[in-house]
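The structure appears below as structure tokens.
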Amino acid sequence: MSRNPRPGEIYLEFHPIGQQVKVTAIDAATGIEVSTFGPASVSEEDLKRLAVRKLKRRISQIAGAGDQNSDPTLY
């Protein structure tokens with residue numbers, strides 16, 4: 001079964017690795033993906049917010065790729 005993703009839809013994956021958690025955020029419409037790590041002691045909501053902010057920043061960097069002042073290595 002296949003469906004079209006809605007604009008702004010984000011998939012989140014949480015993978016515990018020792019005392020850290022790797023959070024991957026994927027934009028459903030574009031397939032752009034970012035990952036971040038945080039301590040396992042931090043709330044899932046905080047990790048989620050961090051990953052979504054990082055994804056939105058990456059999407060805006062890609063959208064403004066023609067802008068010579070943007071640096072894709074900065075988050």
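What follows draws every value from the coordinates through simple rules; no lab data is involved. None of the values given here were measured: they were computed from a predicted structure. Note: ideal-geometry Cβ built from the backbone for every residue, glycine included; neighbour counts use all protein chains shown.
Can you list the residues, at least 5 places off or on another chain, whose amide H is less than 5 Å from the amide H of Val21, using H built in the peptide plane?
So Val21 has HN proximity to Gly38, Ala40.
Once phi is turned into ³J(HN,Hα) by the Karplus curve 6.51 cos²θ - 1.76 cosθ + 1.60 with θ = phi - 60°, what whole-Hz value does each residue of the range 21-27 show in order, with x for glycine and proline?
Here the 3J(HN,Hα) series is 10, 8, 10, 10, 10, 10, 6 Hz.
When we measure straight from the Cα of Lys22, which lysines land under 16 angstrom away, once same-chain ones fewer than 8 places off are left out?
Lys48, Lys54
Using amide H atoms built in the peptide plane, which far-off residues or other-chain residues are under 5 Å from Ala29 H to H?
The answer is Gly8, Glu9.
Modelled label-to-label distance, Ile32 and Arg57, 7 Å Cα→beta-carbon offset: nm?
Computed distance between label sites Ile32 and Arg57 equals 1.3 nm.
So what J values fall out for the range 10-18 if you push phi through Karplus, 6.51 cos²θ - 1.76 cosθ + 1.60 with θ = phi - 60°, rounded to Hz, Gly and Pro as x?
Running phi through 6.51 cos²θ - 1.76 cosθ + 1.60 with θ = phi - 60° gives 10, 9, 10, 10, 10, 10, x, 9, x Hz.
By the scheme Lys and Arg +1, Asp and Glu -1, what is the net charge of all other residues having a beta-carbon under 13 Å from that of Arg49?
Details: positive: Lys48, Arg53, Lys54, Lys56, Arg57; negative: Glu44, Glu45, Asp46.
Every neighbour counted, the sum reads +2.
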